[in-house]
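J.: Structure incoming, see below.
We did not get these values from a lab; they are worked out from the coordinates using the rules stated. On a predicted model such as this, the values are computed, not experimentally measured, just so you know. Here the Cβ is made from the backbone with ideal geometry for all residues, glycine too, and neighbour counts use every protein chain on show.
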Amino acid sequence: FKKSIVMRWQDKWVGALLAIIFMLFSLFCAYHWGIPWAVARASAYVPLDVEKRLGDEALLALDKSFFEPTRLSEVRQHKAQEIFQQIMPESPRIPMTLIFRNSKLGGPNAFALPNGTIIVTDEMITDITGSGSELTGGLEEELAGVLAHEIGHVQGRHSVQMLMASSIVGACTWTLFGDFSAVAAGAPAYMLHLEYSRSMETAADDYAA
C-alpha cells in the first residue's frame, strides 16, 4: 500500500498550511474579481421577459409587505412624471415606468426593479419639496438627479446582477460550510451584497452625472 500524494501532504503541517493559504487566496480572488466579473457578463444574457417577471413578482411582494397606495396629489405626481420623461434615455434597453408608493417603514427612498419600474416613495417627494408643493428650479433638478441615478441602475442591470451574485455566493457558502449555522453561512453573502451595492451605487452616480 502506498499513500496518495494528498494523503502524504496531509501528514505534513507545511503541506496542510500551504493548502489552507491557497484556498484562502482562491476565495479572495473569487470574492473581489471572479464573481463580479462573471455576473457582469452573465447578466447581459438574461432575457428581458425574465427581468420583467422578476420585477413584477418583486413589486407584488413589496406592495404586500412594505408599501401602501400613494397619497401624493395628482399635481405632484404629474410634475414628477414630466421630469422623469425629460431625462429618459432616447433608447432605453428596457421600457421604464415611474410609480409612487407610501412607505409603511417611513423615510424618503427610491429604487429600481429589474423590469424597469422605478419606485419613489411619497416621503422622497415631500422631503425634496419641504413645506411647499412645487417641483421647480433647484427642487426639480434635485429630483431629476435622484431619478437619473435609478435609471442608471436599470441601464446597468444592477438588480439582476445582485440577484445572480447572491445566488452564487449562497451556493458557494453552502458548499464550503454546510448548514452548521444559518448566521455564519449568511454572513459572507450579506457582506458581498454590501460591497456590490457600493460599487453599483457609484456606477449609477456616474451615469446620472
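J.: Along the charge dipole of the range 27-104, pointing to its positive end and built from +1/-1 on Cβ of Lys, Arg, Asp and Glu, which listed residue (ALA58, ASN102, HIS78) has its Cα farthest out?
T.: Comparing the listed Cα positions along the dipole, ASN102 ranks first.
J.: Here is a further query. Starting from the Cα-Cα distance between PHE1 and GLN86, subtract it from 0.36 nm times their residue separation and give me the gain in nm to one decimal. Before the final figure, lay out each step's value.
T.: On the way: separation 85, 0.36 × 85 = 30.60 nm, distance 7.73 nm.
Here the answer is 22.9 nm.
J.: What does the charge add up to near ILE5, with Lys and Arg as +1, Asp and Glu as -1, over the other residues with Cβ less than 15 Å from its Cβ? Working shown, then result.
T.: Working: positive: LYS2, LYS3, ARG8, LYS12; negative: ASP11.
Once positives and negatives cancel, what remains is +3.
J.: For the charge dipole of the chain, defined by +1 on Lys and Arg C-beta atoms and -1 on Asp and Glu C-beta atoms about the Cα centroid, which residue among MET23, PHE1, GLY152 has the Cα displaced farthest towards the positive pole?
T.: Projecting each Cα onto the dipole axis, the largest value belongs to PHE1.
J.: So what's the chain giving for Cα Rg divided by 2.2 N^0.38 Å, two decimals?
T.: On the way: Rg = 22.6 Å, N = 209, 2.2 N^0.38 = 16.8 Å.
Computed over Cα atoms of the chain, the ratio equals 1.35.
J.: Which percent, to the nearest 5, of DSSP beta bridges fully inside the chain are antiparallel? Write out the running numbers ahead of the final one.
T.: Details: 6 of 11 bridges.
Taking every DSSP beta bridge within the chain, about 55 percent pair in antiparallel fashion.
J.: Compute the long axis of helix 182-208 from its Cα atoms, compare it with the longest principal axis of the Cα atoms of the chain, and write down the angle in degrees, 0 to 90, nearest 10.
T.: Here the helix axis deviates by roughly 50 degrees.
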